[in-house]
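Structure record follows, encoded as structure tokens.
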Amino acid sequence: MEPIKLNHPLIEHKLAILRDKRTGTKEFRELISEITLFLCYEAMKDAKLKEVEIETPITKTKAKMLDENDYVFVPILRAGTGMIDGIVKMIPNAKIGHIGLYRNEETLKPVRYYYKMPKGIEDKQVIIIDPMLATGGSGIDAITLLKEDGVKNLKFLSIIAAPEGLKKMQEVHPDVQIYCATIDEHLNDVGYIVPGLGDAGDRIFGTK
Ligand code: PRP
Ligand code: URA
């Protein structure tokens, strides 16, 4: 599946401020949240609705609503948690799972150091959130672990993606639709996205 990229002047504008090294923690967090809101909007385009009956001040009518319980958003620790705010602005009752992982250097297999999912995850639409898709390693491993737990419907939302990571994720998990705000030029020799925004976790949490 080809990645879906947000294509909008407002997103370009917000990305410019987000990337700028002079942008401070408060504004950086706000921008991550705002851009996530639009990623969430795009990713919900094919959401199924159920018919409900409501009463307006004028009359009874049929309307359509989302079953918010069908969706689980899963941030990859740590930077992915910076996107939760934008998600819950759009879907206030969305369930949130958390995944923290590292790669065992000998086996190269992903190891969960934190993993907490809502009950019945295997029947939900699961949407992984992480602002950066660089080599694709973290995202690919998160998807692998969720599939091992029986999850069948997966999407992946990122703010900045590198072509190298996108290609790898599409090869390993061709069934997962990726959404991103933009696709950057390339990775540098230490795996950072160029031009990118630096270390997303450090900029969200003010740790550097
Ligand atoms: C960042 C980012 C992704 C990962 C992307 O997290 O949030 O999870 O790097 O890189 P990859 O595609 O090459 O795997 P990082 O490992 O820096 O941890 P942090 O969120 O705790 O800062
Ligand atoms: N993780 C980040 O936070 N930034 C990058 O550019 C690559 C991985």
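Numbers below:
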item	result
About the Cα centre, charge dipole magnitude for the chain (Lys/Arg +1, Asp/Glu -1 at Cβ), debye	420
Whole-Hz couplings from phi, Karplus 6.51/-1.76/1.60, listed for region 165-173; x for Gly and Pro	x, 4, 4, 5, 5, 5, 5, 7, 10
Relative contact order [Cα under 8 Å, 6+ residues apart], region 4-205, whole percent	22
Cα long-axis angle, helix 25-43 against the chain (0 to 90 degrees, to the nearest 10)	60
Low-density loop cleavage sites - GluC sites (Glu not before Pro) in region 104-208, where at most 15 other Cβ are within 10 Å (DSSP)	GLU105, GLU106, GLU185
Cα shape, region 4-205, gyration tensor, a/c 1.5 rule	oblate
Dipole magnitude (debye, nearest 20) for region 1-116, charges at Cβ of Lys, Arg, Asp, Glu	280
Folded to 0 to 90 degrees: helix 137-148 orientation relative to the chain principal axis, Cα	50
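Values quoted throughout were computed directly from the atomic coordinates according to the rules given, and no laboratory measurement underlies them. Given the structure is predicted, the values throughout are model-derived calculations rather than measurements. We place every Cβ from the backbone using ideal geometry, glycine too, and count neighbours over all the protein chains shown.
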